[in-house]
Amino acid sequence: MDLLNTLVDKGLRRELPTREEALAVLATSDDELLDVVAAAGKVRRQWFGRRVKLNYLVNLKSGLCPEDCSYCSQRLGSKAEILKYTWLKPDDASKAAAAGVAGGAKRVCLVASGRGPTDKDVDRVSETISAIKEQNEGVEVCACLGLLSDGQADRLRAAGADAYNHNLNTSEATYGDICTTHDFSDRVSTVQQAQAAGMSACSGLIAGMGESDADLVDVVFALRELDPDSVPVNFLIPFEGTPLAKEWNLTPQRALRILAMVRFVCPDVEVRLAGGREVHLRSLQPLALHLVNSIFLGDYLTSEGQAGKEDLAMIADAGFEVEGTDTTTLPEHRTDASVQPAPEPAADAAVPAPPSEETRRDLVSVRRRGAGTELPPNA
């Protein structure tokens with residue numbers, strides 16, 4: 001298939017595909033799916049071998065967010081029956097992180113609901129970063145606290161944060177359809193602030209919100225222009241009680257095509273399989289490992305993920321290996337120009353009709369364990 005040969009050649013040279021080529025990947029048929037996966041897999045192996053980086057989420061503050069992002073179970077006005085709690089204490093957050101590290105996680109992602117942190121919140125998170133790093137040698141820490149104000153990125157970096165996550169989520173043209181309390185440019189600005197402070201930027205997307213193929217390509221091209229080191233690809237989890245509760249637009253095959261397109265456009269970055277993989281990829285999750293080089297281990301923010309031991313078995317069974325803390329994730333040409341060590345702290349063809357609500361509701365397991373509860377984490 002000439003398209004795939006062209007995309008492989010471009011990926012091996014780190015050359016940007018055209019928009020038409022990216023759209024063509026999303027338009028391939030199910031009969032061509034394994035060819036698409038194999039082609040994108042060549043690009044993945046060129047830059048990352050058969051290594052899989054494990055990441056672990058710690059939800060520092062859950063629910064009660066003033067923003068109105070339509071996809072989020074923690075949004076303003078959400079009726080989703082999720083856990084709600086205020087800030088975890090640094091020691092409690094560190095204990096939660098330790099569960100993921102024990103399961104093989106190389107990076108701990110500290111996430112808090114809200115528009116953005118106050119200066120007091122930054123102090124609190126800085127203490128948590130220190131506690132985690134003191135107790136877990138070699139672990140990377142990524143903060144995800146919302147929109148940053150002036151100077152906050154520098155303070156997080158000085159506290160030891162290795163990375164900062166803030167997703168673009170969808171195309172600029174349709175951003176106003178999913179959120180009205182901030183805009184696309186606010187998100188871009190926060191990613192740029194993190195980069196300017198010397199943190200590794202992590203920024204990705206959410207697929208399955210009713211967007212078009214053009215929207216998907218637009219957001220991935222916008223990410224390529226921002227040049228984050230890691231790109232998480234989330235698949236919408238349609239929580240009951242949110243505006244997008246009825247948006248069941250994805251099939252496992254379409255999810256794989258989206259991941260392949262992201263890999264072709266971002267060949268040498270950490271492409272991470274993130275929220276919603278269990279719900280939408282289901283039994284095809286192992287195929288996704290040929291496209292991504294990073295996954296989340298265990299639970300997400302407000303939904304339960306696959307058990308950590310099942311993730312590890314899946315990785316081994318598929319012929320991949322867990323990346324150790326002594327291995328640099330990114331290719332050498334990216335690490336040379338990337339973040340330095342932290343300072344010491346001071347439309348594809350016919351998509352099947354969405355299944356009924358009754359057949360889908362049980363696929364979403366609201367998180368009832370881990371951080372913020374008395375139950376052990378699912379890691």
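Against the list (1) buried (at least 17 other Cβ atoms within 10 Å of the Cβ); (2) out of contact with any strand residue (DSSP E or B) (no Cβ under 9 Å at 6 or more places or on another chain); (3) closer than 20 Å to Ser73 by Cβ, the condition Arg187 fails is (2).
If we keep just the residues of the range 217-266 that are aromatic (Phe, Trp, Tyr) and over 23 Å from Tyr56 (Cα atoms), which is surrounded by the most Cβ atoms within 10 Å (Cβ to Cβ)? Here the answer is Phe264. For the range 286-300, filtering for residues that are under 15 Å from Pro267 (Cα atoms), assigned to a loop (DSSP other than H, G, I, E, B) and touching a strand residue (DSSP E or B) at 6+ places or on another chain (Cβ under 8 Å) leaves 4. All conditions in (1) surrounded by fewer than 20 Cβ atoms within 10 Å (Cβ to Cβ); (2) of a type in the set (Gly, Ala, Ser); (3) modelled with pLDDT of 95 or more hold for Ala307, with the sole exception of (3). Of the residues contained in the range 159-172, one or more are found to be in contact with a helix residue (DSSP H, G or I) (Cβ under 8 Å, 6 or more places away or on another chain) and surrounded by fewer than 17 Cβ atoms within 10 Å (Cβ to Cβ). If the condition is being in contact with a Gly (Cβ under 8 Å, 6 or more places away or on another chain) and either of a type in the set (D, E, K, R) or surrounded by fewer than 20 Cβ atoms within 10 Å (Cβ to Cβ) (or both), then the range 190-209 contributes no residue at all. Residues in the range 27-44 that are farther than 26 Å from Pro331 by Cβ and in contact with a helix residue (DSSP H, G or I) (Cβ under 6 Å, 6 or more places away or on another chain): Thr28, Asp30, Leu33.
One residue is enough: does the range 12-29 have a residue meeting the conditions among the small types (Gly, Ala, Ser), farther than 30 Å from Glu127 by Cβ, assigned to a helix (DSSP H, G or I) and modelled with pLDDT of 95 or more? Yes. Note on the range 111-210: enclosed helices (runs of 4 or more DSSP H) holding 3 or more residues that are closer than 28 Å to Leu259 by Cα are 175-178, 184-196.
One line per residue, one yes/no per condition, for (1) small (Gly, Ala, Ser); (2) at pLDDT 95 or above; (3) within 27 Å of Ala288 (Cα to Cα):
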site	(1), (2), (3)
Lys10	no, yes, yes
Ala38	yes, yes, yes
Val58	no, no, yes
Ala97	yes, no, yes
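Going by what's in this entry, would Phe264 be described as of a type in the set (Phe, Trp, Tyr) and part of a loop (DSSP other than H, G, I, E, B)? Spelling it out, it is not the case that Phe264 is of a type in the set (Phe, Trp, Tyr) and part of a loop (DSSP other than H, G, I, E, B).
Part of a helix (DSSP H, G or I), under 20 Å from Gly49 (Cα atoms) and of a type in the set (Val, Ile, Thr): is that true of Val231 in this structure? Judged against the criteria, Val231 is not a match.
Just give me the residues in the range 25-48 being aliphatic (A, V, I, L, M) and either surrounded by 18 or more Cβ atoms within 10 Å (Cβ to Cβ) or touching a strand residue (DSSP E or B) at 6+ places or on another chain (Cβ under 7 Å) (or both), in sequence order. Within the range 25-48, Val25, Leu26, Leu33, Val36, Val37, Ala39, Ala40, Val43 meet the criteria. If you scan the range 125-143, which residues turn out to be over 16 Å from Ala102 (Cα atoms) and either of a type in the set (S, T, N, Q) or surrounded by 19 or more Cβ atoms within 10 Å (Cβ to Cβ) (or both)? Of everything in the range 125-143, those that are over 16 Å from Ala102 (Cα atoms) and either of a type in the set (S, T, N, Q) or surrounded by 19 or more Cβ atoms within 10 Å (Cβ to Cβ) (or both) turn out to be Val125, Ser126, Thr128, Ile129, Ser130, Cys142, Ala143. Residues in the range 196-228 that are of a type in the set (A, V, I, L, M), closer than 13 Å to Tyr71 by Cβ and in contact with a Lys or Arg (Cβ under 9 Å, 6 or more places away or on another chain): Ala207 only.
Within the range 88-110, the set of residues being surrounded by 21 or more Cβ atoms within 10 Å (Cβ to Cβ) and part of a helix (DSSP H, G or I) comprises Ala93, Ser94, Ala96, Ala97, Ala99, Gly100, Val101.
The values are calculated or read from the model by the stated rules, or taken from the named source; none is laboratory data. From a predicted model like this one, the values you see are computed outputs, not experimental measurements. As a convention, Cβ positions derive from the backbone with ideal geometry for all residues, glycine included, and neighbour counts pool all protein chains shown.
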